[in-house]
1. For the range B:24-42, how many residues are away from chain A (no Cβ under 12 Å) and within 21 Å of residue B:74 (Cβ to Cβ)?
2. Tally the residues that are aromatic (Phe, Trp, Tyr) and at pLDDT below 80, restricting the search to the range B:258-306.
3. Go through the range B:110-129 and give me each residue that's more than 9 Å from chain A (Cβ to nearest Cβ) and surrounded by 13 or more Cβ atoms within 10 Å (Cβ to Cβ).
4. Hey, among the residues in the range A:258-282 that are β-branched (Val, Ile, Thr) and either in contact (Cβ under 8 Å) with a residue 24 or more places away in the chain or under 25 Å from residue A:310 (Cβ atoms) (or both), which one's surrounded by the fewest Cβ atoms within 10 Å (Cβ to Cβ)?
5. Kindly list the number of the only condition in (1) within 21 Å of residue A:267 (Cβ to Cβ); (2) in a helix (DSSP H, G or I) that fails for residue A:130.
6. Of the residues that make up the range A:144-163, is at least one more than 9 Å from every other protein chain (Cβ to nearest Cβ), within 23 Å of residue B:104 (Cβ to Cβ), buried (at least 17 other Cβ atoms within 10 Å of the Cβ) and of a type outside the set (Asp, Glu)?
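The values are calculated or read from the model by the stated rules, or taken from the named source; none is laboratory data. On a predicted model such as this, the values are computed, not experimentally measured, just so you know. Cβ atoms come from the backbone with ideal geometry, glycine included; neighbour counts cover every protein chain shown.
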Amino acid sequence: MSMADLAPSVPAQTARSGGLARLAVAATVALLFAGGGFLLHAEQQGQVIALLAAFVAVFALAEKVPVGRRIVGLCRAHPGTVNLTAAVSILAIAAALREEHYTLLMMATVALFATAAAGLTLQMAFAGVPNFAGAAFFAVGAYVAALLGNTGIPHLLVLLIAGLAAAVLGLVLLLPVLRTRGHYAALVTIAFGLLLRAFLEVNDVLGGPQGMKVKSFSLFGLDFSRMTEIGPYDVSFYLPYALASCALFGLAFFLVRRLETSFVGVALDAVRSDEVAASVFGLSIARWKATAFLLGNAMIGVAGALYGMMNGFVNPNSANFGDSLIMLSILVLGGLGNLWGAVVAAVVILVIPEKLQAIQEFRLVIFALLVIAILRFRPSGLMPRAARDFSALVKGGAK
Amino acid sequence: MDPGLLAQYLFNGLMLGTIYAIVAVGFSLFFGVLDVIKFSHGDVVTVGAFSAFGAAGLMAALATLSGPLALAVGLIAALGAGALSGVIIGRLLVLPLKNAPGVNVLLATLMAGTVLREAIRLGVPNGGNPKPFPALLPEGVLKAGSFSVGIDSVIILLAGLAVVLATHLVITRTRLGLSIRAVAQDEEVAQLAGVSFNRTVLGTFALGSMLAGLAGLMLGLYYREINFNMGVMLGIIGFACAVVGGLGSLIGPIIGGFLFAGVQTLVTVVLPFTSAYKDVVAFAVIIALIGLFPTGLIAEKSSERV
């Protein structure tokens, strides 16, 4: 049996299930996104708290009540419906909030951090390579965007080059990362993050502590920061960024999911869970770890480049250890390996502190306590990754 | 180069190395008994510094104390607060997460460190700003040619070296040390031999965190200024030193500590114009060393059975 046959396929009975199930899935997802949209836009503390309470209730229902568990199962069985509904919902939210600068900025930020989390997912959740320098690779992307934004290179290409640059820089770390495991590998990336930040701070060519200006993103001659109307509608100039960021996340999501369900994902899972067993089956540990590490860094770099273009500037502070931790927290909170979980966690971590201004002073403490509580009482995260389903293989027998 | 200046650099390097080593030993102790990295360690250093600061300030306000007595109060406060925070974090966070993946423990303790840091920032009056640390040690300057050094600095350095030695003695000569080594070697067999696992782990956390508290006091006395986020970088450097030296050995982190300080000092001496790059070089050396010695300079004594 080849590796390709081992990749999970859709269980046979779900193909038969009716449109009713799909409808239920679509309704659930749309409802969740609508709630998320309201949360993004809500300004009064009362609304925010009520929405949060509603979300907690929904999560509790999905776990404790049989109907909830059934719907979760249906969502897992119909990923196509979930993703389509999600895309439509995002477009709807963007259209409804087209004039809200701040809300759209936050939406774009969440999408870009979720894209970075997708890269980290590839590295940590699949291949088991720790990366505590997410923000550093993110900043590398932004710096590349700053350097190349004015050179006339098409900006889509700049994004690609930024990803490539992050991957190449990651190449420097490859040898120590591959030779080490666990805490030792973690330290390599921590040290790299601190090194990069210290370097950016003292290096005058790259703007020193002040950083650099980044030219805004333009697509086929369309400057995003100048876009104030589409057709008859006035729009915020953050709208194109929000859409582009969501599209980028969509791309990352598609890529990671395809890898996960292909033989690559099976190989990475094998390498992570037991190196010795994996190498006995002829998998090259170094090759798979390197693939995941470089590809993951490239994704983080691309996201960072777009983030830099959106903000208009980048400075060494964007490479700080705290931001790397925020990315990691998104990953762990959401549930290692589940990208929808990462989206939810990105909203929790990036948006809620902004919304609850009353707790502004205490937000770091509350955030830290929240992460601790989740790690302590729900270590697999809010939305744990589903186990691979090989039941179709077992029932159908080896063909 | 002027020998006096060189001696000055050497002294500073030794001082930094001692402080790094004391912090790094804590990481190594925790890793030894529980195979975890307790990343709140750097912030326990801050807790120690602020406790000493608070205790000394409080005593000075209540009664005029002589220097040594105020120092003793500060010392007890730093050690006590360090041990207490270490035991609390160990009891509430690290022991319950014993079977969780390593990254989870790392993240949880990092967040615990954030809680400590923010508690200091919000809880201490005007805690966001640096605080002047009282001079509790005798003043005075020793001079030899162009080399001059404060008596207080010499006392701190000697005390630090003595503490490193004392820790070594605790580990090798006492009953607690014996049980720490037993648990580090094999937790289950140690329990069969009547060693209480939980008590040993908490004892280790108390010991390691006392060292961190002491490092905080030493930093305060040396730099005469403390800050709510002084522990962040120190924690990371201490971790780096422990890893490069070799987690799970006692001499490893000490070597690592002096090595890191040595690289930083060397860059400052050899390349004075680029001394801003000293952290860049130091971390590059760390990465290179880990690449060369994947389990630290003093390698972990383990072999994998398949």
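1. 2
2. Let us first name the residues in the range B:258-306 that are aromatic (Phe, Trp, Tyr), namely B:258, B:260, B:273, B:277, B:283, B:293.
Those left that are additionally at pLDDT below 80: B:273, B:277.
Here the count works out to 2.
3. Step one: list which residues in the range B:110-129 are more than 9 Å from chain A (Cβ to nearest Cβ), which gives B:116, B:120, B:123-129.
Listed by number, the residues that qualify are B:116, B:120, B:124, B:127.
4. Quick first cut of the range A:258-282, residues β-branched (Val, Ile, Thr) only: A:261, A:264, A:266, A:271, A:276, A:280.
With either in contact (Cβ under 8 Å) with a residue 24 or more places away in the chain or under 25 Å from residue A:310 (Cβ atoms) (or both) added as a condition, the list becomes A:261, A:264, A:266, A:271.
Numbers: A:261: 16, A:264: 20, A:266: 20, A:271: 26.
Among them, the one singled out is A:261.
5. Result: residue A:130 fails condition (2) only.
6. Of the residues in the range A:144-163, the ones more than 9 Å from every other protein chain (Cβ to nearest Cβ) are A:144-163.
Within this subset, residues satisfying the condition of being within 23 Å of residue B:104 (Cβ to Cβ) are none.
No, the conditions are met nowhere in the range A:144-163.
Rundown of residues vs (1) among the β-branched types (Val, Ile, Thr); (2) without any contact (Cβ under 8 Å) to a residue 24 or more places away in the chain; (3) more than 15 Å from residue A:351 (Cβ to Cβ), yes/no style:
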position: A:37; (1), (2), (3): no, no, no
position: A:41; (1), (2), (3): no, no, no
position: A:51; (1), (2), (3): no, yes, no
position: A:78; (1), (2), (3): no, no, yes
position: A:82; (1), (2), (3): yes, no, yes
position: A:94; (1), (2), (3): no, no, yes
position: A:105; (1), (2), (3): no, no, no
position: A:109; (1), (2), (3): yes, no, no
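Results for (1) within 22 Å of residue B:279 (Cβ to Cβ); (2) touching a residue at least 60 places away in the same chain (Cβ under 8 Å); (3) among the aromatic types (Phe, Trp, Tyr), shown as yes or no for each residue.
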| position | (1), (2), (3) |
| --- | --- |
| B:18 | yes, yes, no |
| B:30 | no, yes, yes |
| B:37 | yes, yes, no |
| B:51 | no, yes, no |
| B:60 | no, yes, no |
